[in-house]
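This report refers to the structure that appears directly beneath it.
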Amino acid sequence: KRPGDLPPGPTPLPLIGNIPALFGGDLLQVSRNLRKQYGDLYSLSLGPYWIVFVNGYDLLKEAFVKNADVLSDRPDTFSIKVLSERRGIVSSNGHRWKGQRTFALAALRVFGFGKRSMETKILEENKNFIEILEKENGKPMGLAGLINRSVSNVICSITVGKTFSYDDEGFTQAVNLVGEEISNPYGPLVDMLPFLQYVPGDMFLIKRSFKNKAILEQAVKEEIEEHRQTLDENDARDFIDAFLLEEMKHKEEEGTDFEDDQLQFTILDLFAAGTETTSTTITWAVLFLMKNMDIQEKMHEEIENVVGSNRQATLTDKTDLPYCNAVITETQRLGNIVPLSLFHMATEDLVLENRRIPKGAIVIPVLDSVQNDEKNFPNPEKFDPTRFINNEGKYCNQDKIMPFSLGRRVCLGESLARMELFLFLTSMVQKFKFLPPVGEQPPPAVGSLGITHGPLPFNVRCVPW
Ligand code: HEM
């Protein structure tokens, strides 16, 4: 039974709890339906967990910023405990998480986060990407895989100190496997209903996940070993080197988190979190632009006026390109890339809106509720960048959405992601118009939900202006 002081929700049934509530579509749809009935705070009883959904800008702030002491841990779910072994940054808690996140942020800054050197790397990668699009000569193509590999190269240049050719087999396999895991539609379901692990066969892709994990771990292990063989103590080349040097400092320390297993998961976290999210956003942008030729033309015109056609836009152009910024922010809003963020856990009982969130509950920051808030964004289904342009033609309102989540677990790669989105999208629209295959209508803007919410595969023609 649902204790009377918990957030409201459908009545749990004996043994199966609120499983029937999940029959209403994917978890995003389920959450939207429940909100209509129960308001901003509601709960489900699933498997061993109470799952609490937190909606709305103010309540999200109260929960994850004001009560960050209680709501910043990850729960004991299958993906966190078993697949990620509670290691790395995304899946660790407490002392380990704090130490690893702090180290990673500092090291990433040394290797380019927020710096001009990073901009140069992104622009270089972008040039290669544009050249490949040029070679396609306006033929219809699925762009998502290529964007994925190009974006992935940016994070690889910092973590493993090199980039890969787009037809490198090992690299392509790693990028595809990570994509498969992050967009696995059963991932959140198995996390909430752990007994699904024991269903015979591989209907929920769990065996597949273990296989993918083994391949990815082996690839990273090899990179770490190669780095160890060529390590120069006075010259860290990349994130792996910096971590190996840190390992040396902590060698004598019992139970230290600076060891190879931890490094392996952190590299995989950065690779996974740093690739799929950004490339999915860029892919949504191409789809939205293809469906809105007038917006595409306006964005191109702004780039032509400010940057011209002989050089790539750089970050110094950013403030002079308000419409481009608005298109990117509107893409993040409507694309709704991580609509339910990642799962958090309540480490103590907590009272919100006079309701008790019990210790051990999985707590979901419903970022979707902010991105699609009708009060701030009338007609939220419409792609309309002018929501982020004020009367003076300036870029505004970007803080009305929270695609990178909030609180202590806020996305660690936000500054890199913002750079990438701006530099990739401006140079893509500078060179090409995005059109559907001849004789076809642009595809519907329909997404599928795993951890990320990505568009269904579609073909596009990239035709020079
Ligand atoms: C547009 C691109 C991106 C979006 C929309 C995005 C969004 C998010 C979201 C919603 C979270 C979950 C926060 C929470 O638990 O409440 C997150 C976490 C994280 N992101 Fe990103 N992200 C993006 C790009 C990146 C990049 C480029 C990196 C690479 C460095 C990155 C690294 C991480 C890491 C390591 C975490 C885990 C943080 C922690 O648990 O402490 N993300 N991101």
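The values are calculated or read from the model by the stated rules, or taken from the named source; none is laboratory data. Fair warning: this is a prediction, and the values are worked out from it, not measured in the lab. A quick note on method: Cβ atoms are made from the backbone with ideal geometry, for glycine too, and the neighbour counts reach across all protein chains shown.
General observations
- All positions within the range 211-226 that are surrounded by fewer than 19 Cβ atoms within 10 Å (Cβ to Cβ) and free of Cβ contacts under 8 Å to residues at least 40 places away in the same chain: Lys211, Ala214, Gln218, Glu222, Glu225, Glu226
- Taken together, Asn379, Asn391, Asn397 contain a single residue that is at pLDDT below 95, away from the ligand (no atom under 16 Å from the Cβ) and surrounded by fewer than 19 Cβ atoms within 10 Å (Cβ to Cβ), which is Asn397.
- The listed residue being free of Cβ contacts under 8 Å to residues at least 12 places away in the same chain and out of contact with any Lys or Arg (no Cβ under 7 Å at 6 or more places or on another chain), out of Leu196, Leu231: Leu196
- The helices (runs of 4 or more DSSP H) found wholly in the range 228-310 and carrying at least 3 residues that are over 27 Å from Ile328 (Cα atoms) and within 25 Å of the chain's Cα centre (by Cα) occupy 239-249, 260-291.
- The condition of being part of a loop (DSSP other than H, G, I, E, B) and either in contact with a His (Cβ under 8 Å, 6 or more places away or on another chain) or more than 16 Å from the ligand (Cβ to nearest atom) (or both) holds for only one of Pro403, Pro457, that being Pro457.
- Test: residue in the range 423-430 that is touching a helix residue (DSSP H, G or I) at 6+ places or on another chain (Cβ under 8 Å) and closer than 27 Å to Leu189 by Cβ: no
- Options Glu374, Glu440: the member that is more than 16 Å from the ligand (Cβ to nearest atom) and farther than 30 Å from Asn67 by Cβ: Glu440
- Whichever residue in the range 155-183 is among the acidic types (Asp, Glu), without any contact (Cβ under 8 Å) to a residue 40 or more places away in the chain and in a helix (DSSP H, G or I) and, among such residues, is nearest to the ligand (Cβ to nearest atom): Glu180
- Breaking point among (1) surrounded by fewer than 21 Cβ atoms within 10 Å (Cβ to Cβ); (2) at pLDDT 95 or above; (3) of a type outside the set (Val, Ile, Thr); (4) in a loop (DSSP other than H, G, I, E, B), for Arg356: (4)
- Pair list, Cβ < 6 Å and 6+ apart or interchain, from the range 246-270 residues that are among the hydrophobic types (A, V, I, L, M, F, W, C) to residues that are more than 16 Å from the ligand (Cβ to nearest atom): Phe258/Glu246; Phe258/Glu247; Phe258/His250
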